[in-house]
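Report on the structure given below.
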Amino acid sequence: MNFLELIWLIPFVPLIGAGIMLLFGRGMPKQLVSLISPGAVGISFVLSLGAFVQLMGLEERRHEVVLGPWIEFLKADWGFLLDPLSGVMIMVVTGISFLIHIYSIGYMGHEHGPRHGGFYRFFGYLNLFVFFMLMLVLANNYVLLFVGWEGVGLCSYLLIGFYFHKKSAGDAGKKAFIVNRIGDAGFILGMFLLFKLTGSLNFGEVSAALTSGNFPVEAAGWGILSTTALLLFVGATGKSAQIPLYVWLPDAMEGPTPVSALIHAATMVTAGVYMVARSNALFALTPDASTVVAVVGAATAIFAASIGLVQNDIKRVLAYSTVSQLGYMFLAAGVGAYWVAIFHLFTHAFFKALLFLGSGSVIHAMSGEQDMRRMGGLKDKIPITFRVMFIGSLAIAGIPGLAGFFSKDEILWQTWSSPLGSHLLYVVGLATAAMTAFYMWRLMFMTFYGEGRMDEKTKHHIHESPAVMTVPLMILAAGSAVGGWIGVPKVFGENGFFQAFEHWLEPVFEPAAKVMATHGEHHPSHAVELGLMALSVCIAIGGILLARHIYLALKEDQRPTGGALYPVLLNKWYVDELYDILFINGLSKGGGTVLAAFDRSTIDGAVNGTAWTTRMVSKISMWYDTWIVDGLVNLSAFFVRAASYPMRFLHTGWVQSYALIFVAGVLAIFGFYWWGR
């Protein structure tokens, strides 16, 4: 079976599942819904796996399928591209999404009726989400990518606001939709500039044009290439929740927990990272724009991590963790290590899906409770959930041997050693690693260790989740444990398998590698790399031990309060409040009030003034027409009528009158002559 020729089916099978659910799902039993929707994503995973294996056998490692023309003047076809980058993405999207669909059967089993959104509708939206994400990563041009880009934005709105009877959920859905439209405006402008520069939006043609030698590196100042790259990155900050457009992602936790896992691990938030990596030929030519990417990524990483230190909602901690980890990915991309950004995307998908679904299992056991201050002592009551989250927390903290260690350490090393990197950015990344270890193990200690702080009713109902939920957790835990071994640092020796990930992606990032070589190569010693690696491990362990000391060894009244900084972090640096002042109440409401006043006083005043002037002119015109124009005409008519009276008197048309006048005239003549004598 030629899976490569069928790559177009990979996104369309979930679309069929979504169509069945949304059109006919209302009348279906839950068992059938539970078969069709996860089954559709499962088929996509099988097709993806088959295509991925066959791609490995191609010498060029690139296969394109064009179904037909679409927007010809933009050179955008209904085309699908499978190469090492899109191959990794489809495996992540379909594999993680399939596990989330299976998990959702158990987690969403209580959903019924229109008030709760409906079991079938939830799975229909999930299938639609997967379809658009697969369209995004398999598209062979920016326009088709943008279709998937907008589609995942729509689905995020539908799924975040799934519990539409809750105002907070509806507000969060709208917030995600609006914030992403801001980023999308930048993406559209960047896409049009890219077409203006290269004459095409096909990935292959754009890359060939940018690497043809016609576009020199913009090493000094900002040019059209840098502007284009920065506009595309604006789009990425919206989708992948970077400063200043990150504010929607923490609120995305208002949706059901499987939605949070899907958004944070496998779909929407990875879109921006993928797009920047796909555009590596452009960013390689714009080192200033790449520096902006790295700085924004590093700033987002440490900023979001600082907020995660004090959050008490278990899902909100993980949400800010995602924002921070996405910052790590952009930090890697900004210093030119595109393969490392995708490597961390790959490992992060495992442990972040695991942690979110694990938190859902905790919430399920706690009868809906999400506040960690009302948890504690759960490790023996829900042992499977505890063990898998233990692995996930070690992985994200960067403990050696687990997936997160390999990708995070490689990001830190590339930040230190890359020609585009900086030691300052490395320090920021290292501080973020310490914070990550602390807030994740704060979560673990508050949730699973110590004495239970829940009420008696909740305590008696605590139970482990069913197998349909725990089996996906165990599979994700296995991925979180071993998934990083395909990207072992070269300092441990060259080995084909252990550097497989980097070698696999080389053809995609070859344009960037050629440009990076022009910046010169840095070759710090292996001792430096090993020393920095040891430092990052010590930092991570230190963060874990500090969390243990504060949240296990100390009693609650002995714990440090955080001083004046605590309320700032708890309130997320008051960014939402600042945005409310500047943009909601300021730009939107205040600006709307000003514009309304301008409309009333100026626009309406001009219109009304024009109407008044028109009426006055028309009255003057009517008066002039009535008394001057019509008066002259009527006066002329009067004189004509007056002059006509004698003639009318003489010319009656009666013979008798003419005879009388004739006789009178004769008599008058005779009288004249008679009188004259």
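The values are calculated or read from the model by the stated rules, or taken from the named source; none is laboratory data. The shown structure was predicted, so the numbers you read here are calculated from the model rather than taken from an experiment. Using ideal geometry, Cβ is built from the backbone for each residue, glycine included, and neighbour counts are taken over all protein chains shown. With ligands, DNA and RNA removed, areas are computed over all heavy atoms of the protein, side chains included. Shrake-Rupley method; radii C 1.70, N 1.55, O 1.52, S 1.80 Å.
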Note to self: Can you list residue pairs whose Cβ atoms sit under 7 Å apart, with the first residue in region 551-564 being aromatic (F, W, Y) and the second being surrounded by 10 or more Cβ atoms within 10 Å (Cβ to Cβ)? Count only pairs 6 or more apart in sequence or on different chains.
What the structure shows: Y551/R442; Y551/F445; Y551/M446
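Only one of Y574, Y624 is touching a helix residue (DSSP H, G or I) at 6+ places or on another chain (Cβ under 8 Å) and of a type outside the set (A, V, I, L, M). Can you tell me which? Write out each step before concluding.
Values: Y624 fails: touching a helix residue (DSSP H, G or I) at 6+ places or on another chain (Cβ under 8 Å).
Unique residue meeting the criteria: Y574.
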Note to self: Among the residues of region 46-88, what is the count of those that are over 24 Å from the mean Cα position of the chain (by Cα), among the aromatic types (F, W, Y) and closer than 26 Å to G17 by Cα?
What the structure shows: 2
Notebook entry, point to check: Among S324, S393, S361, which is the only one that is closer than 30 Å to P507 by Cα and open to solvent by less than 10 Å² (accessible area, probe 1.4 Å)?
Noted result: S324
Notebook entry, point to check: Across region 36-55, what is the number of residues that are open to solvent by less than 70 Å² (accessible area, probe 1.4 Å) and of a type in the set (A, V, I, L, M, F, W, C)?
Noted result: 8
Note to self: Name the single residue that is farthest from H423 (Cα to Cα) among those in region 529-586 being polar (S, T, N, Q) and open to solvent by less than 60 Å² (accessible area, probe 1.4 Å).
What the structure shows: N571
Notebook entry, point to check: Checking L15 against (1) touching a strand residue (DSSP E or B) at 6+ places or on another chain (Cβ under 9 Å); (2) modelled with pLDDT of 95 or more, which single condition isn't satisfied?
Noted result: (1)
Item checked: Residues satisfying the stated conditions in region 286-303, i.e. among the aliphatic types (A, V, I, L, M) and open to solvent by 10 Å² or more (accessible area, probe 1.4 Å) -> V292, V295, V296, A299, I302
Check: Yes or no: Y338 within 19 Å of L145 (Cβ to Cβ), modelled with pLDDT of 95 or more and either aromatic (F, W, Y) or open to solvent by 10 Å² or more (accessible area, probe 1.4 Å) (or both)?
Finding: yes
Check: Hey, I7 hits all of (1) closer than 26 Å to L194 by Cβ; (2) open to solvent by 70 Å² or more (accessible area, probe 1.4 Å); (3) not acidic (D, E) but one; which does it fall short on?
Finding: (2)
Note to self: Just to be sure I understand, how many residues within region 316-338 are among the charged types (D, E, K, R) and either touching a Phe, Trp or Tyr at 6+ places or on another chain (Cβ under 7 Å) or over 18 Å from R373 (Cβ atoms) (or both)?
What the structure shows: 0
Notebook entry, point to check: Restricting the first residue to region 170-190 and requiring it to be under 29 Å from P256 (Cα atoms) and open to solvent by 20 Å² or more (accessible area, probe 1.4 Å), which pairs with a second residue that is in a helix (DSSP H, G or I) and of a type in the set (S, T, Y) meet a Cβ separation below 8 Å and a spacing of at least six or different chains?
Noted result: K174/Y157; F177/S156; F177/Y157
Notebook entry, point to check: Under 6 Å by Cβ, and 6 or more places apart or on different chains, what pairs join a residue from region 420-435 that is under 15 Å from G542 (Cβ atoms) with one that is polar (S, T, N, Q)?
Noted result: A433/S536
Notebook entry, point to check: Taking region 551-600 as the region of interest, how many residues are under 30 Å from G450 (Cβ atoms) and polar (S, T, N, Q)?
Noted result: 3
Item checked: Positions within region 457-501 being modelled with pLDDT under 90, closer than 26 Å to I96 by Cα and either open to solvent by 80 Å² or more (accessible area, probe 1.4 Å) or among the β-branched types (V, I, T) (or both), in sequence order -> F497
Margin query: Quick check on V617: is it closer than 30 Å to I661 by Cα and of a type in the set (V, I, T)?
Written below: no
Note to self: With farther than 26 Å from E506 by Cα, free of Cβ contacts under 8 Å to residues at least 40 places away in the same chain and small (G, A, S) as the only criterion, which of G57, G68, G42 stands out?
What the structure shows: G68
Next item on the list: Could you check how many residues of region 211-269 are buried (at least 24 other Cβ atoms within 10 Å of the Cβ), within 18 Å of I188 (Cα to Cα) and over 13 Å from the mean Cα position of the chain (by Cα)?
Entry: 2
Next item on the list: Scan region 515-531 and give yes if some residue there is farther than 30 Å from T291 by Cα and touching a residue at least 40 places away in the same chain (Cβ under 8 Å), otherwise no.
Entry: no
